[in-house]
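Participant: Please read through the structure below; I'll follow up with questions.
The values are calculated or read from the model by the stated rules, or taken from the named source; none is laboratory data. Model, not experiment: these values are computed from the prediction. Virtual Cβ from ideal backbone geometry, glycine too; neighbours counted across all protein chains shown. Heavy atoms of the whole protein, side chains included, go into the accessibility calculation; ligands, DNA and RNA do not. Shrake-Rupley method; radii C 1.70, N 1.55, O 1.52, S 1.80 Å.
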Amino acid sequence: DKVKSNLNNLNIENDVRIGTNSHCPFERDYFDYLLSWNACYYMDNHEGFQSHVAEFARILRKDSNGYFIFSIPKKTNDIFVSSEEIKPGYRVIRNDLLRKGQILKCFENEMEIENAFSTHFKNFSFGSINDDCFGRADHWYIGLCQKR
C-alpha cells in the first residue's frame, strides 16, 4: 500500500502486486525487462532454485528477447558470515539481523550462476561489486542475460 501510495503521489502509473520468486503474479510474456536487485536468491519454497529461474523466464517476453538484470551476493559477502550450509549451494543465515533464518542460494562463481540460469537464458554478461567500506564485505555479482 505504501509503494502504491508513493507512486500515485508522484503521478506514476503502476501495477504493484505481491509475489515471491517462485510465484510472480503476472501473466506469461508480460515484461520486456525484469530487475531482481538483491532478491532472486531468496528461497521462498522447497522446490529449489530452478523453480525461480523458470518463473523469471515465464513472465519475460520471448519476442523481445526479454532481459533479466540481477545482483547475487558472492560467497565472500558478509551475508554469509556464520551461515550454515544445509545442502550444496544453499545456506541458512544465522547472524544477519534482517535475514536471520532465511535460506539463500549461494553461488561459487559466475560460471555456476550461468549454468543455473542457462536452461532458460542466454547471452550472459557479468560485472561485480567489491565494497569493503567500514569493514563490511559487500561483494556482489551483477548480471544481465536474455530469455532463450
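Participant: Give the percent of DSSP beta bridges with both residues in the chain that are antiparallel, rounded to the nearest 5. Let's see the in-between values first.
Facilitator: On the way: 24 of 30 bridges.
For the chain, the DSSP antiparallel bridge percentage is about 80.
Participant: Calculate the length of the line joining the C-alpha centroid of region 1-17 to that of region 60-139, in whole Å.
Facilitator: 29 Å
Participant: Protein chains only, probe 1.4 Å: how do Leu60, Leu7 rank by accessible area, largest first? Working shown, then result.
Facilitator: Working: Leu60 0, Leu7 45 Å².
So the residues, ranked largest to smallest area, are Leu7, Leu60.
Participant: Could you report region 44-148's accessible area per residue, 1.4 Å probe, as an integer in Å²?
Facilitator: Working: 5490 Å² over 105 residues.
I get 52 Å² per residue for region 44-148.
Participant: I would also like to ask the following. Return the FRET efficiency for the residue pair Ser51, Asn115: r is the Cβ-Cβ distance, R0 is 25 Å, and the value is rounded to the nearest 0.05. Write out the running numbers ahead of the final one.
Facilitator: Details: r = 16 Å, r/R0 = 0.64.
So, using R0 = 25 Å, E works out to roughly 0.95.
Participant: Calculate the spin-label point distance for Arg61 paired with Asn9, positioning each point 7 Å from the Cα along the beta-carbon direction, and give it in nanometres.
Facilitator: Output for this residue pair reads 3.2 nm.
Participant: With the cut-off at 1.5 for a/c, could you classify region 53-148 from its C-alpha gyration tensor as rounded, prolate or oblate? Mind dumping the intermediate values first?
Facilitator: Numbers: a/c = 2.40, a/b = 1.74, b/c = 1.38.
Prolate, since a/c reaches 1.5 and a/b exceeds b/c.
Participant: Let me make sure I get this right: for region 2-127, a, b and c are the square roots of the gyration tensor eigenvalues over alpha carbons, sorted descending. Under 1.5 in a/c it's rounded, otherwise prolate if a/b > b/c, else oblate. Which is it?
Facilitator: Verdict is oblate for region 2-127.
Participant: How much solvent-accessible surface does Phe121 expose, in Å² to the nearest 10, with a 1.4 Å probe and all protein chains in place?
Facilitator: 0 Å²
Participant: Taking Cα pairs under 8 Å and at least six residues apart, what relative contact order does the chain come out at, in percent? Spell out each step's value before the answer.
Facilitator: On the way: 264 pairs, mean separation 33.8, N = 148.
Reported relative contact order: 23 percent.
Participant: Given a Förster distance of 30 angstrom, what is the FRET efficiency for Tyr30 paired with Lys2, based on the Cβ-Cβ distance and rounded to 0.05?
Facilitator: Values: r = 23 Å, r/R0 = 0.78.
After rounding to 0.05, the efficiency reads 0.80.
Participant: How many nm separate the modelled label positions at Asn130 and Ser82, each set 7 Å beyond the Cα in the direction of the Cβ?
Facilitator: Each label point is offset 7 Å from its Cα along the Cβ direction, giving 2.6 nm.
Participant: Sum up the charges of everything whose Cβ sits under 13 Å from the Cβ of Asn109, counting Lys and Arg as +1 and Asp and Glu as -1, but leave Asn109 out.
Facilitator: On the way: positive: Lys74, Lys75; negative: Glu108, Glu110, Glu112, Glu114.
Once all neighbours under 13 Å are counted, the net charge is -2.
Participant: Near Lys100, which lysines are there with a Cα under 17 Å away, not counting those fewer than 8 places off in the same chain?
Facilitator: Straight-line reach from Lys100, under 17 Å: Lys75.
Participant: Per the helix-only calculation at 222 nm, which mean residue ellipticity applies to the chain, given -39500 (n - 2.57) for every DSSP H run of n ≥ 4 and division by its residues, nearest 500 deg cm²/dmol? Please list the in-between numbers first.
Facilitator: Working: 3 runs with 27 residues, N = 148.
Computed ellipticity for the chain at 222 nm equals -5000 deg cm²/dmol.
Participant: Testing the spin-label approximation: label points 7 Å from Cα along Cα→Cβ at Trp37 and Val92. State their distance in nm.
Facilitator: 3.1 nm
Participant: Once neighbouring chains are kept in place and the probe is 1.4 Å, which whole percent of the accessible area of region 18-130 is contributed by carbon and sulfur? Display every interim value, and only then the final one.
Facilitator: Details: 3100 of 6150 Å².
C and S atoms contribute 51 percent here.
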